[in-house]
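The block underneath contains the structure these notes are about, expressed in structure tokens.
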Amino acid sequence: MQDIFAEGFKEASYWWDLAPRPRLDESAPPDNTDVVVIGSGNVGLSAALTLARGGRDVLVLDAEAAGHGASTRNSGYLGRTVWFKYGDMVRRIGRDAAGSIAREAATAHDFAASLIRDEQIACFYSNTGRLITAPSRKVYEKLERDLDMMKADGVPVEADMIPPDKLKEEVASDLYHGGQVLHGNGLIHAGLYHQGLLDRARAQGATVVGHCPVTGVERQRQGFVVSTPKGKVSARDVMVATNGYTPKALPWHRRRVVPVQAFNVVTEAIDPVLMRKVLPRGRPMIENRNSPLWLRPTEDGTRLLFGGTTGEGDTSLLAKARQLHGELLRVVPDLEGTKLTHCWSGQVAFPFDFLPHNGLADGVHYAMGWCASGVPMGTWLGHKTAQRILGDSDARTVLTDRPFRTIPFYRGNPWFLPFITAWMRRADRRLMRD
Ligand SMILES: Cc1cc2nc3c(=O)[nH]c(=O)nc-3n(C[C@H](O)[C@H](O)[C@H](O)COP(=O)(O)OP(=O)(O)OC[C@H]3O[C@@H](n4cnc5c(N)ncnc54)[C@H](O)[C@@H]3O)c2cc1C
């Protein structure tokens, strides 16, 4: 069998090479604070930054090293959309609600992009736009209709349709029936973005303690007691920001999100001529289907990052690396012979309505359910949740306090995922035939 692994292949996030896992104070947390934030991903840190700026004493606790979760494992797409394609969202929740959520997603993107600029977070942000590829003519036409509808509904969107005969100007693939370029979407180095948020939050005075899992949150007459193996902390407010890693200790939240594994691989350095052929404009690509594959250049433009939500069957990283390598060659056959240097996975969280949520349950604030696009939306709703804790009258968004449902007997163990994945694959095969 062809060896697809380059020398020194790592089963670890590529982003950790430039942004190694931070070493933080891991002593016992303080006994008292104003706000405990559970989870030190982008969401927890975005909230911590705003809270610290608002004069609150903030303690961020993480079960693992800071940023252990999806925030330093994602693909670094900074988008302006939610999970649903616009037309699907209109069908599900109506045109008014869909329009306001799509506008909120654009606001989330702009917030994250201006945070990077204003805070001078050196994370290789570039405003590349995003190519969405259509697996069939029917999908291409739907992308076109959705775009018209978004424009008619006042959603701030700038996009160009890419007909099939022009697709090679975007990606060296014969697999698709054209696509759409969404402008105003960016790319970041996921590890450095998280590192920047961590540094800014700590510089404002937030305390971040790693390897300190929260094991319980108890409501008191005034405030809360948060338990950890290293001691108890009293706090006036608590915020949950654990998304796809939500533990059993937070049963209300765990019942409301379905964790799904997603995987990424990175290739060895690619000949610059081939690189220009594969992604001529250096624009990230993502497929328009239920279980999409994505492809982008790394921050220095020398390698490719490729991924998908292929979380069934043998989920060992070596098996997934082989599977993704096969998929990569199917999408871009010119990459035959290219080896991989990294493979890793992370957990995303899907609520049952496929929409992001922030709100308040039994006095505890939360922000979660990003459906694999939480970098901008999570940064935004982390900030808005913090504003709410600060008592800011402007803290609500259209996603705040929407009903956050679970289903009977679900406790956070998604036994039904293999059935849903199989259904999605069947639907995707149908899409490709249409
Ligand atoms: C492979 C992959 C690719 C992705 N690509 C993109 C992309 O390109 N663009 C995009 O927008 N989104 C992407 N996402 C999704 C995005 O990464 C997430 O939505 C976002 O990072 C979630 O941030 P968060 O802070 O809510 O959660 P996380 O970053 O997952 O952090 C949750 C934290 O909670 C901690 N925790 C768990 N239990 C406890 C406990 N008991 N006590 C204390 N802490 C606890 C965990 O250790 C973890 O650090 C991707 C995700 C994956 C996995």
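The values are calculated or read from the model by the stated rules, or taken from the named source; none is laboratory data. What you see is a predicted model; the values in this text were computed from it and never measured. As a convention, Cβ positions derive from the backbone with ideal geometry for all residues, glycine included, and neighbour counts pool all protein chains shown. With ligands, DNA and RNA removed, areas are computed over all heavy atoms of the protein, side chains included. Shrake-Rupley method; radii C 1.70, N 1.55, O 1.52, S 1.80 Å.
How compact and how long is the range 192-236, expressed as Rg and Dmax of its alpha-carbon atoms in Å?
According to the Cα coordinates of the range 192-236, Rg and Dmax are 13.3, 41 Å.
Two decimals, Cα atoms only, Kirkwood Rh: what is Rg/Rh over the range 40-87?
Values: Rg = 14.1 Å, Rh = 12.8 Å.
Result: Rg/Rh = 1.10.
Using helices alone, I'd like the mean residue ellipticity at 222 nm for the chain: each DSSP H run of four-plus residues gives -39500 (n - 2.57), total over residue count, nearest 500.
Rounded to the nearest 500, the figure is -10000 deg cm²/dmol.
For residue 159, enumerate residues with amide H under 5 Å from its amide H, sequence gap 5+ or separate chain, H modeled in the peptide plane.
183
Can you report the principal axis dimensions of the range 47-122 using only the alpha carbons, biggest first, rounded to whole angstrom?
Principal extents (Cα only, largest first): 42, 27, 24 Å.
Whole angstrom only: what separates the Cα centroid of the range 184-220 from the Cα centroid of the range 1-69?
Distance between centres, Cα-based: 5 Å.
With a Förster radius of 51 Å, plug the Cβ-Cβ distance of residue 394 and residue 27 into 1/(1 + (r/R0)^6) and report the FRET value to the nearest 0.05.
0.85
Quick one: net charge of residue 288's neighbours, Cβ under 9 Å, K/R +1, D/E -1?
+2
How much of the DSSP beta bridge set in the chain is antiparallel, as a percent to the nearest 5?
If I count the DSSP bridges inside the chain, around 70 percent turn out antiparallel.
Please give every one of the aspartates and glutamates within straight-line cross-link reach of residue 230, meaning a C-alpha to C-alpha distance under 14 Å, and leave out same-chain neighbours fewer than 8 residues apart.
By straight Cα distance, residue 230 reaches 25, 26, 31, 62, 64.
Cα centroid distance between the range 130-158 and the range 325-368, in Å?
Centre-to-centre (Cα) distance: 22 Å.
With a 1.4 Å probe and every protein chain left in place, work out the accessible area per residue of the range 317-375 in Å², rounded to a whole number.
29
How much accessible area per residue does the range 395-434 have, counting only protein heavy atoms and a probe of 1.4 Å, in square angstrom?
Computed with neighbouring chains in place, this is 72 Å² per residue.
Taking the Cα-to-Cβ direction at residue 165 and at residue 319 and moving 7 Å from each Cα, how far apart do the two end points lie in nm?
4.6
If I model a spin label at residue 88 and residue 413 as a point 7 Å from the Cα along the Cα→Cβ vector, what separation in nanometres do I get?
2.9
Straight distance only, please: which lysines reach the Cα of residue 168 with their own Cα at less than 16 Å, same-chain residues fewer than 8 apart left out?
The qualifying lysines are 277.
Ratio of Rg to Rh for the range 159-232, alpha carbon only, Kirkwood?
With Rg and the Kirkwood Rh in hand, the quotient comes to 1.34.
Taking square-rooted eigenvalues a ≥ b ≥ c of the alpha carbon gyration tensor, is the range 77-195 rounded, prolate or oblate, where a/c under 1.5 means rounded and, failing that, a/b exceeding b/c means prolate?
It comes out oblate by the Cα gyration axes.
Counting only residues 5 or more places away or on other chains, whose amide H sits under 5 Å from the amide H of residue 215 once H atoms are built in the peptide plane?
Residues meeting the criterion, in which the H sits 1.01 Å from N, are 227, 228.
When the Karplus curve 6.51 cos²θ - 1.76 cosθ + 1.60 is applied with θ = phi - 60°, which whole-Hz ³J(HN,Hα) does each residue of the range 400-408 get, with x for Gly and Pro?
7, 6, 5, x, 10, 8, 10, 10, x
Report the net charge of residues surrounding residue 246, where surrounding means a beta-carbon distance below 15 angstrom and charges are Lys +1, Arg +1, Asp -1, Glu -1.
Once positives and negatives cancel, what remains is +3.
For the chain, compute Rh as the Kirkwood radius over C-alpha pairs and then the Stokes-Einstein diffusion coefficient at 25 °C and 0.890 mPa s; write the answer in µm²/s, rounded to an integer.
111
Give the carbon-plus-sulfur fraction of the accessible surface of the chain in %, rounded to a whole number; probe 1.4 Å, heavy atoms of protein chains only. Each step should come with its number before you reach the end.
Details: 9110 of 18130 Å².
Within the chain, the accessible surface is 50 percent carbon and sulfur.
Cut-off 10 angstrom, C-alpha nodes, Gaussian network model of the chain. Which of 389, 132, 420 fluctuates the most?
With Cα springs under 10 Å in the chain, the top fluctuation among 389, 132, 420 is at 420.
Could you work out the local net charge near residue 212, counting Lys and Arg as +1, Asp and Glu as -1, over the other residues with Cβ closer than 11 Å to its Cβ?
Within the 11 Å Cβ shell, the charges total -3.
In whole Hz, with x marking every Gly and Pro, tabulate ³J(HN,Hα) for the range 262-273 from phi via Karplus 6.51 cos²θ - 1.76 cosθ + 1.60, θ = phi - 60°.
Whole-Hz 3J(HN,Hα) from phi for the range 262-273: 10, 10, 10, 10, 10, 8, 5, 4, 10, 3, x, 5.
Tell me the Rg and the Dmax, in Å, that the Cα atoms of the range 317-391 produce.
Final numbers for Rg and Dmax: 18.8, 57 Å.
What list of ³J(HN,Hα) values in whole Hz, one per residue of the range 334-341 in order, does the Karplus curve 6.51 cos²θ - 1.76 cosθ + 1.60 (θ = phi - 60°) give from phi, with Gly and Pro shown as x?
These are the phi-based 3J(HN,Hα) values: 4, 8, 3, x, 7, 9, 9, 10 Hz.
Can you work out the accessible area per residue across the range 16-116, with the rest of the protein chains kept in place, probe 1.4 Å, in square angstrom? Kindly include the intermediate steps, with their values, before the conclusion.
Working: 3610 Å² over 101 residues.
For the range 16-116, the solvent-accessible area averages 36 Å² per residue.
Could you pull the Rg and Dmax for the range 281-434, using just the Cα atoms, both in Å?
According to the Cα coordinates of the range 281-434, Rg and Dmax are 19.0, 57 Å.
Using the membrane-span-like helix rule (whole DSSP H runs, Cα extent along the own axis of at least 18 Å, mean Kyte-Doolittle hydropathy at least -1.0), which helices of the chain qualify?
95-118, 190-203, 317-331, 374-389, 417-433
Give me the dipole magnitude in Debye, nearest 20, for the chain about the Cα centre, with unit charges on the beta carbon: positive for Lys and Arg, negative for Asp and Glu.
It comes to approximately 1080 debye.
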